[in-house]
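What follows is a single structure, written as structure tokens, with notes after it.
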Amino acid sequence: MIYDVIVVGAGPAGFSAAIYGKRAGRSVLVLDTSSICGGQILNTYEIDNYPGMPGVSGDALANAMAEHCQKLGVEFARGRVTSIVDKGETKELVTKKATFEARTVVIATGASNRKLGCKGEEELSGVGVSYCATCDGAFFRDKTVAVVGGGDVALEDAIYLARFCEKVYLIHRRDEFRGAMVLQEQVKATERIQIIYDTVVDEIIGDDKVEAIHIRNNKTNDEKDIPVDGVFIAVGNVPNTASIQGLPKQDQVGYIIADETCVTSIPGVYAAGDVRTKQLRQVITATADGANAITSIEKYLN
């Protein structure tokens, strides 16, 4: 079968593209690597900036989007796309077990957590080092943890962990946060959170589990160890593009070059959500991208 649209990725951008595609009367298949759809929002305890749904959990929002797709008759398949072959009027998507064909493709593979790159991070991953506070936070009840980062996710993680951890160190390499002001105010008002500015983590210390972190002040070069039971790393994302051959043009980091129309350098191939070059990567901009991608596809197919 040749689909009108194949969407690669089942996060908010992919869901939105699938919904708009079906509402436009198109045949739509969504390909995702996981049997549990939702993308990064599944790791978000609470989303407070999605209009009309204040305080919704990432899991609940993902389920609602998936149910919307299923109600409209969107097809889903599991598979990791390894290459996209441009055959002119159609595109061939190759996975390990199958090959799919479509007239247009929406790449909505999102982005993944960026690693800190310090000594001990890889060795202690899963035994105290985590990239998902909502996934692993409960293991650190009444314990001391560190959150590394200064954006929305880091601030949200610190606030979330402070609800049940004894103490939360929030470590940021600069002298001010990048996150939303409302989150900054909440962090500063939370007694269990201790902010450490101008500081980097040089090493995560421990044998079988995290025992401490070695930190260094960027301005004074003062160094010290802080005993902690866990380290939550929230220092940004990297686009999920490295494993797919035949992608459209990308920037130096790996994000697919596309504006709000989601049009890429390959006719018939579109990029939506966190995977494309853009100013703001949030659920609301991802869903907007999905709608814009289908609008561009309609013009292309017609």
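Values quoted throughout were computed directly from the atomic coordinates according to the rules given, and no laboratory measurement underlies them. Worth saying up front: this structure is predicted, and the values here are computed from it rather than measured. Cβ atoms come from the backbone with ideal geometry, glycine included; neighbour counts cover every protein chain shown.
For this structure, a couple of remarks:
- Paramagnetic label zone (point 7 Å from Cα along Cα-to-C-beta, Thr99; backbone N under 20 Å) in the stretch 3-23: 3-8
- Protection proxy ranking, peptides 275-284, 202-211, 107-116, average beta carbon neighbours within 10 Å, highest first: 107-116, 275-284, 202-211
- Potential lengthening between Leu72 and Glu121 on full extension [0.36 nm per residue; Cα-Cα distance subtracted]: 13.3 nm
- Extension gain, Ser83 to Thr261, is 61.8 nm, computed as 0.36 nm per intervening residue step minus the present C-alpha separation.
- In a fully extended conformation the segment linking Ala180 and Arg163 would gain 4.2 nm over its present Cα-Cα distance, using 0.36 nm per residue.
- For the stretch 176-302, a crude dipole built from +1 on the beta carbon of Lys and Arg and -1 on the beta carbon of Asp and Glu, taken about the Cα centre, is about 620 debye to the nearest 20.
- Each Lys and Arg adds +1 at its Cβ and each Asp and Glu adds -1 at its Cβ; summed about the Cα centre, the stretch 129-233 shows a dipole of about 280 debye.
- Projected over every direction and averaged, the convex hull enclosing the alpha-carbon atoms of the stretch 222-302 yields 8.3 nm².
- Estimated D of the stretch 1-138 in µm² per second, where Rh is the Kirkwood radius over Cα pairs and Stokes-Einstein applies at 25 °C, 0.890 mPa s: 148 µm²/s
- Summing Cβ point charges (Lys, Arg +1; Asp, Glu -1) relative to the Cα centre of the chain gives a dipole of roughly 940 debye.
- Antiparallel content of DSSP bridges confined to the chain, in %, to 5: 40 percent
- Anisotropy class of the chain from Cα gyration tensor, a/c 1.5 cut: prolate
- Long-range tail of P(r) for the stretch 204-250 (Cα pairs > 14 Å, %): 68 percent
- Listed by chain and number, the lysines whose alpha-carbon sits under 26 Å from that of Lys167, ignoring those within fewer than 8 places in the same chain, are Lys115, Lys119, Lys143, Lys188, Lys209, Lys219, Lys224.
- Space enclosed by the convex hull of the alpha-carbon atoms of the stretch 129-233, per residue, Å³: 85 Å³
- Taking other C-beta atoms within 10 Å as the exposure proxy, Leu93, Leu72 rank Leu72, Leu93 from fewest upward.
- When the Cα positions of Thr44, Leu183, Gly117 are compared along the charge dipole of the chain, Thr44 comes out farthest toward the positive end, with charges on each C-beta of Lys, Arg, Asp and Glu.
- For Ser112, the residues 5 or more places off, or on other chains, whose built amide H falls under 5 Å of its own are Val238, Asn240.
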